[in-house]
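The values are calculated or read from the model by the stated rules, or taken from the named source; none is laboratory data. From a predicted model like this one, the values you see are computed outputs, not experimental measurements. So basically every Cβ, Gly included, is an ideal-geometry build from the backbone, and we count neighbours across all protein chains shown. Please note that ligands, DNA and RNA were not included when accessible areas were found on the heavy atoms of the full protein model with its side chains. Shrake-Rupley method; radii C 1.70, N 1.55, O 1.52, S 1.80 Å.
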Amino acid sequence: MRAEKLKTEVRREQIAEATLRLIGAEGMKGLSVAKIARRVGVVPSALYRHFRNKDEVLDAVLELVGDKMLANVRTVTAATDDPLERLERLLMRHIDLVRRNQAIPRVVFSEDVSGGDARRKRKAYDMVRRFLDAVTDIVARGQARGVIRTDLAAENVALLYFGLIQPGAVLWHLSGGRFDITRRARENWQVVKAAIEHRRE
């Protein structure tokens, strides 16, 4: 039973990954169970063994994106205990995640997610909120160690940090990849780092 459950979870993740790639290639418009099935390499009826409809697949895509974001947090946390280095590495991993998954801005800002479905809007909000909470924790640890200014609210620093990602992701998406999101993120991180770093006299 456990093996069957694991197999189902793996298949659901494969479907979500395939849907993310499909959205990256074709956008949200015209997304259908038939197209998703073709991308996965199965007949449409096989998808219905794992998801009741396209809406459930979109929910799984949001969960997948959220998992990828938090996996980046775990990776940088394991790699270094320096809070400022964690923030820099996390920023660059997140930028790389966006570059490798063109669908992420399309999904997050689509009418299907940010439109009238209150439940899905909440799911998207919770996804971003978990990421912000993780960044807030890194900032708070940096404040406790005396490397990040304590006169700044950790939550505000996290939101400022998030601003290093979203506008660049939007411009990169709208420009068809011409906007150099990686270079701008590196440059803007130096500005933010200088603003939040605690400097000993």
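Computed quantities for the displayed model
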| item | result |
| --- | --- |
| Unique residue being aliphatic (A, V, I, L, M) and in contact (Cβ under 8 Å) with a residue 60 or more places away in the chain when the list is Leu62, Leu47 | Leu62 |
| Residue match in the range 128-135 (condition: closer than 30 Å to Arg199 by Cβ, open to solvent by less than 10 Å² (accessible area, probe 1.4 Å) and of a type in the set (Gly, Ala, Ser)) | no |
| Which numbered condition Ala71 fails, given (1) crowded, with 17+ Cβ neighbours inside 10 Å; (2) closer than 23 Å to Arg186 by Cα; (3) hydrophobic (A, V, I, L, M, F, W, C) | (1) |
| Residues being open to solvent by less than 40 Å² (accessible area, probe 1.4 Å) and without any contact (Cβ under 8 Å) to a residue 40 or more places away in the chain - total across the range 50-59 | 1 |
| Residue list for the range 147-166, restricted to those being without any contact (Cβ under 8 Å) to a residue 60 or more places away in the chain, open to solvent by 20 Å² or more (accessible area, probe 1.4 Å) and either out of contact with any helix residue (DSSP H, G or I) (no Cβ under 9 Å at 6 or more places or on another chain) or over 22 Å from Glu26 (Cα atoms) (or both) | Arg149, Thr150, Asp151, Leu152, Ala153, Glu155, Asn156, Leu159, Leu160, Phe162, Gly163 |
| Number of positions in the range 182-197 that are open to solvent by less than 80 Å² (accessible area, probe 1.4 Å) and either in a loop (DSSP other than H, G, I, E, B) or out of contact with any strand residue (DSSP E or B) (no Cβ under 6 Å at 6 or more places or on another chain) (or both) | 9 |
| Residue within the range 93-102 that is within 22 Å of Leu159 (Cβ to Cβ), open to solvent by 20 Å² or more (accessible area, probe 1.4 Å) and of a type in the set (Lys, Arg) present | yes |
| The range 170-181: number of residues that are out of contact with any Phe, Trp or Tyr (no Cβ under 9 Å at 6 or more places or on another chain) and outside any loop (DSSP other than H, G, I, E, B) | 1 |
